[in-house]
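The values are calculated or read from the model by the stated rules, or taken from the named source; none is laboratory data. Remember, predicted model here, so these are calculated numbers, not experimental data. Here the Cβ positions follow ideal geometry from the backbone for every residue, glycine too, while neighbour counts run over all protein chains shown. Side chains included, ligands, DNA and RNA excluded: accessible areas come from the protein's heavy atoms. Shrake-Rupley method; radii C 1.70, N 1.55, O 1.52, S 1.80 Å.
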Amino acid sequence: MDLSLNPFSSGTRLRDMIRAIRASKTAAEERAVVRRECAAIRAAISENDQDYRHRNMAKLMFIHMLGYPTHFGQMECLKLIAASGFPEKRIGYLGLTLLLDERQEVLMLVTNSLKQDLNHSNQFIVGLALCALGNICSAEMARDLAPEVERLLQTRDANTKKKAALCSIRIVRKVPDLAENFMGSAASLLKEKHHGVLISVVQLCTELCKASREALEYLRKHSVEGLVRILRDVSNSSYAPEYDIAGITDPFLHIRVLRLMRTLGQGDADCSEHVNDILAQVATKTESNKNAGNAILYECVETIMGIEATSGLRVLAINILGRFLSNRDNNIRYVALNMLMKAMAVDTLAVQRHRVTILECVKDADVSIRKRALELVYLLVNDTNVKPLTKELVDYLQVSDDDFKEDLTAKICSIVEKFSQDKLWYLDQMFKVLTLTGNFVKDDVWHSLIVLISNASELQGYSVRSLYKALQACGTQESLVRVAVWCIGEYGEMLVNNISMLDVEEPITVTESDAVDALELALKRYSVDVTTRAMCLVALLKLSSRFPPTSKRIQVIVAQNKGNTVLELQQRSIEFNSIIQRHQSIKSSLLERMPVLDEANYLLKRAASSQATVSLTKSAPSAASGGSLKVPNGAVKPPPAPLADLLDLSSDDAPVTTSAPSTAPNDFLQDLLGIGLIDTSTAGGAPSASTDILMDLLSIGSYPVQNGPPATSNITSPDQAVTKHAPGTPQVIDLLDGLSASTPLPDVNAAYPSITAFQSATLKITFNFKKQPGKPQETTVHASFTNLTSATLTNFMFQAAVPKFIQLRLDPASSSTLPASGNGSVTQSLSVTNNQHGQVFDSMPVAGEYDFFSGCL
């Protein structure tokens, strides 16, 4: 056969196949080329074509990289590996690493070939085997071939030792128990001169330290001196072209050795003492004008911070980070800020020396650097530097970007609240923030400000005057307007009469009409914000009592909102107008100044609210953490209250009311399924409807729980069994009937009435129950389905779901067509078996497991 006539024969060269694939103009053409080539390769495999086996494998690898299936060529890899020639083995091992992974069972067949090649006299074949083993080694292969790899670590050839060290890393990761086999060899190889061997062995030592505590202690005793010598030789070595990068000799080896030193020195004072000198030498001698040098310096700083270094060495490391902050490269500045945040826990004073540089980073053009620097500044604040740092941040607040103002405002408010010792300074800073970025201030911040003003009687006059001036200068900040409106309403007479003037203040002239003008302007300006307008109406009402001459004008302003479409504002307007017009005798006492707000109680509630918000955020992803459940019909299903005890959510001081319910269908259904349900009726009250349990059956409801004095609960069932609950104990759902020996089993001969399980405008489902004699754990349910519409329903099918401990068998329905207008029914039998009938459980299933029947289609 002439190969030139068939471009897709097994003898086609790899380059020809690639050229044909690249010449395809559409994806369909490419698939056709690949399909024909794969067919030719399959034919060659079936014919056991040995001449072109390596070429076929090369083409298969290219096809694999294109994303097409090539599993049929896996055995060809094994045949090539078993060949004697190096070219065949090279293609075979390359295919092995690409086409197979450690999860393939066929990989076990190659273990023997690998063992033979690891013992081969040709170093190149040994290298192929080591590379393949390092890429796809499984735990079983690691145990079988670890002795050969350990032996190869002691060979003379540097390349073989390097590959053996890398292969050992894979083995240790797969089987950490084998770490002790490589400890001695790894420590002895640190004396090598070849950098490729050294960097591989250092990485192996690092992996050994992670895998075994015993290996960590061994290397601390036997490898520290070798690592110091390696780092000193590399740092002091002359120019070597093969290892030089930007004037730095082998920075990769530098970094690997520094990382291993950090692992060995962490928590070990003796080991740290041995490496202190060499770390200081590296930190001082390495040039920082090249990226390679900066990488070494950063790793050196991280090592110093990670070990038990001396205080002087830590100061040197932090000074290096300070130099990084002046670098023009954004990446270097960012990692420096990250490291300085970690250094805050080690040496705060040393970081404080670079405060000015860090503040400059807050004003950086890069948003990531700004945010990280702001977090670091927040950590730097203490009682001694809070005022200058806050001043710097507030000054920058005026010129910062809008995207950054929210974060910056939140940090400033947090700093002022946390470190303020002077109420006057606190008020001044908060007034500045409200004036500059009041739209970004959170509600709890200005709430706290109002509470503080209420408690600071000597500063109330100063506060209302300062806020009035700020409101006149900048009335566009929402939070500022709210606080100012509240203060004017409460302390308006202090504003007009300049009461409680401070030495730092200058008197201002504000008339009663001016105060009303300010509130009227705020009411008109914030026509959309309901909260601000409501606060304005309250403030105007209070001023009508404080400033009687303005009462008529205020009444007109308030009356303008009588027809407001917002019910809240409409109601306030009507009620306030009535107070001003008809209740003059009680208006003054009704509109007295608010009593002093309890600051301690407010702060306690705020902290509790913040903690609850964090807890809710963390528990939100969990389905069992509470909250409402969405059901298919769009209704919201609250979590069953009895299950609160399962999640430890019940209150010890809120006992669940228990009482004797009526003999509703709930009771016998409990017995039928061997499951006790919650009593849902109040003491002496009417029994719950029979649809309560069906609401849960169809996943559209839950059982309500009433709180009241503890009482005895008698759950009446067909067998007249009585279950008693201890007073004050939450009454929870019994999973199975017969939880104790004293509880009698249900009477299988009892007659159970039928119930309507579901009924809507279109469908009605009725259940009849029957117990199997001698098998109390089994219940037969006969379901009857009736079509209530005027149209015939076809393709009818009923489906159900049960908890894990319940077995359900659905018999075929009598028909798949429901006659119209109730003219006939479709019946179907269900057999329910409770596999854990009569057993006691320590825990209960989650709420979802009580939805026995999920619905019908």
*Which of the residues that make up region 360-380 are under 31 Å from the mean Cα position of the chain (by Cα) and either open to solvent by 10 Å² or more (accessible area, probe 1.4 Å) or aromatic (Phe, Trp, Tyr) (or both)?*
Lys363, Asp364, Ala365, Asp366, Val367, Ser368, Arg370, Lys371, Arg372, Glu375, Tyr378, Leu379
*Sort through Lys79, Lys25 and tell me the only one that's modelled with pLDDT of 80 or more, of a type outside the set (Gly, Ala, Ser) and farther than 30 Å from Thr111 by Cα.*
Lys25
*Can Thr779 be described as modelled with pLDDT of 85 or more, of a type in the set (Val, Ile, Thr), closer than 17 Å to Gln759 by Cβ and assigned by the TED database to the domain that holds Ala757?*
no
*Taking the options Thr476, Thr435, Thr409, Thr390, name whichever one is open to solvent by 20 Å² or more (accessible area, probe 1.4 Å), at pLDDT 90 or above and β-branched (Val, Ile, Thr).*
Thr435
*Considering every residue within region 31-47, establish whether at least one is under 14 Å from Gln74 (Cα atoms) and free of Cβ contacts under 8 Å to residues at least 24 places away in the same chain.*
yes
*Where residues in region 272-317 are under 16 Å from Arg262 (Cα atoms) and outside any helix (DSSP H, G or I), which of them is most open to solvent (accessible area, probe 1.4 Å)?*
Glu308
*asked:* Please count how many residues of region 504-540 are among the β-branched types (Val, Ile, Thr), in contact (Cβ under 8 Å) with a residue 24 or more places away in the chain and under 26 Å from Leu590 (Cβ atoms).
replied: 6
_Matching residues, region 567-603, being in a loop (DSSP other than H, G, I, E, B) and surrounded by 13 or more Cβ atoms within 10 Å (Cβ to Cβ)_ = Leu591, Arg593, Leu597, Asp598
_Cβ pairs under 7 Å, 6+ apart, first in region 188-204 and more than 19 Å from Ala215 (Cβ to Cβ), second open to solvent by 10 Å² or more (accessible area, probe 1.4 Å) and not in a helix (DSSP H, G or I)_ = His195/Tyr243; His195/Asp250
_Looking only at region 427-448, how many residues end up being within 17 Å of Ser400 (Cβ to Cβ) and touching an Asp or Glu at 6+ places or on another chain (Cβ under 9 Å)?_
5
*Glu150, sole failed condition from (1) under 18 Å from Phe252 (Cβ atoms); (2) open to solvent by 10 Å² or more (accessible area, probe 1.4 Å); (3) of a type outside the set (Ser, Thr, Tyr); (4) touching a residue at least 24 places away in the same chain (Cβ under 8 Å)*: (1)
*Can you pull out the residues in region 334-359 that are in contact with a Phe, Trp or Tyr (Cβ under 9 Å, 6 or more places away or on another chain) and either among the small types (Gly, Ala, Ser) or open to solvent by 30 Å² or more (accessible area, probe 1.4 Å) (or both)?*
Val335, Ala336
*Condition test on Ser513, is it in the same structural domain as Lys587 (by the TED database), surrounded by fewer than 18 Cβ atoms within 10 Å (Cβ to Cβ) and not in a helix (DSSP H, G or I)?*
no
*Taking region 408-428 on its own, how many of its residues are closer than 15 Å to Asp444 by Cβ and of a type in the set (S, T, N, Q)?*
2
*Going through region 209-252 one residue at a time, which ones are of a type outside the set (D, E, K, R) and open to solvent by 50 Å² or more (accessible area, probe 1.4 Å)?*
Tyr218, His222, Asn236, Ser238, Tyr239, Pro241, Tyr243, Ile245, Ala246, Gly247, Phe252
*Given (1) open to solvent by 40 Å² or more (accessible area, probe 1.4 Å); (2) under 40 Å from the mean Cα position of the chain (by Cα), index of the condition Asn159 fails*: (2)
*Matching residues, region 469-505, being over 21 Å from Lys423 (Cα atoms) and among the hydroxyl-bearing types (Ser, Thr, Tyr)*: Thr476
_Answer residue from region 775-816, given it is among the small types (Gly, Ala, Ser) and in a loop (DSSP other than H, G, I, E, B) and is surrounded by the fewest Cβ atoms within 10 Å (Cβ to Cβ) among those_ = Ser790
